[in-house]
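Single-structure report; data block below.
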Amino acid sequence: MSKGDLNTYGNKKNNFPYQQSVLLLLDNLIKSSASAGLAQESTLLSVLNAIITTPQDIEILLVRDTGNGNVVLQQITDYSGGNPPVVTYKDVNGNVVVPVGPLEYLDPAAVLNLILAELQTLNTVDFATETTSSAINTNTSAGVRTPNIIRPTAGGTVAPITYSLSVSNVGAANGTFLGAALKPGETLNFDSGGIKNTFAANTFTYDATGTEFVIIYNS
């Protein structure tokens, strides 16, 4: 229904009679609905209360209890019990607790930062120096590797820390690698399995006496 439109209602240059007829029709519908026992104010209020008290959902948020060492808790709001909802708190072990407060709500980015900070406090090994440190190295950039090749005909050990290694017996007699026989024509491959994984120094021992090995490794 337009407002002030003078170009409708049969080119009479005035649509006010049409607007009046619609308003009268709506008035008659409202009166007839009330007399027929249809939804009135009290009925609508009953419907609204029913919607409020109907079981809806359970909402779980992460909060920081700033009055208790900044521990992180689950805030569980249960709407299924009606209005007002029931709010409980649980710690990381699932135990129901009473927070000290005040509480600080955590957004998803803050939660991810907490996870990262927790991981960085774990002990790990720095493979470059073979020493234990107190934080995870979060640098995931690929390292530069140096390829090496040796052709031993006697006993020895691959001295450096290695990331991968391959050995072949190219001679005519048996040799020994890691204490096991390596027959002529046999090849063994070793991979540390990860970008920062390594084999410790002097891990690979061999004896190519009477034959010849080809050993290729990345250090």
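Using the structure shown, decide if Tyr79 is more than 26 Å from the chain's Cα centre (by Cα), aromatic (Phe, Trp, Tyr) and modelled with pLDDT under 85. Quick ask: steps written out before the conclusion?
Working: more than 26 Å from the chain's Cα centre (by Cα): yes; aromatic (Phe, Trp, Tyr): yes; modelled with pLDDT under 85: yes.
In short, yes.
Within the set of pairs 6 or more residues apart or between chains, which connect a residue that is closer than 14 Å to Val96 by Cα and touching a residue at least 24 places away in the same chain (Cβ under 8 Å) inside the range 65-78 to a residue that is in a strand (DSSP E or B) and among the hydroxyl-bearing types (Ser, Thr, Tyr) with Cβ atoms less than 6 Å apart?
Going by the 6 Å Cβ cut-off, the qualifying pairs are Leu73/Tyr89; Gln75/Tyr89.
So that you can scan it fast, the table gives a plain yes or no per residue for (1) on the phi > 0 side of the Ramachandran plot; (2) in contact with an Asp or Glu (Cβ under 8 Å, 6 or more places away or on another chain):
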site	(1), (2)
Gly143	no, no
Pro147	no, no
Ile150	no, no
Thr153	no, yes
Ala180	no, no
Gly185	yes, no
Gly193	yes, no
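Say we look at the range 144-178 and pick out the residues that are more than 20 Å from Gly193 (Cα to Cα) and among the hydroxyl-bearing types (Ser, Thr, Tyr); which of these is farthest from the chain's Cα centre (by Cα)?
Within the range 144-178, the subset more than 20 Å from Gly193 (Cα to Cα) is 149-157, 168-177.
Pick out the ones that are also among the hydroxyl-bearing types (Ser, Thr, Tyr) and you get 153, 157, 168, 176.
Numbers: Thr153: 52, Thr157: 43, Ser168: 44, Thr176: 47 Å.
Only one residue tops the list, namely Thr153.
In the range 109-164, what residues are at pLDDT 80 or above and within 18 Å of Asp191 (Cβ to Cβ)?
If the condition is that a residue be at pLDDT 80 or above and within 18 Å of Asp191 (Cβ to Cβ), then Val144, Arg145, Thr146, Pro147, Asn148, Ile149, Val158, Pro160, Ile161, Thr162, Tyr163, Ser164 are the ones that fit.
The values are calculated or read from the model by the stated rules, or taken from the named source; none is laboratory data. None of the values given here were measured: they were computed from a predicted structure. Neighbour counts are summed over all protein chains in view; Cβ atoms, including those assigned to glycine, are modelled from backbone coordinates with ideal geometry.
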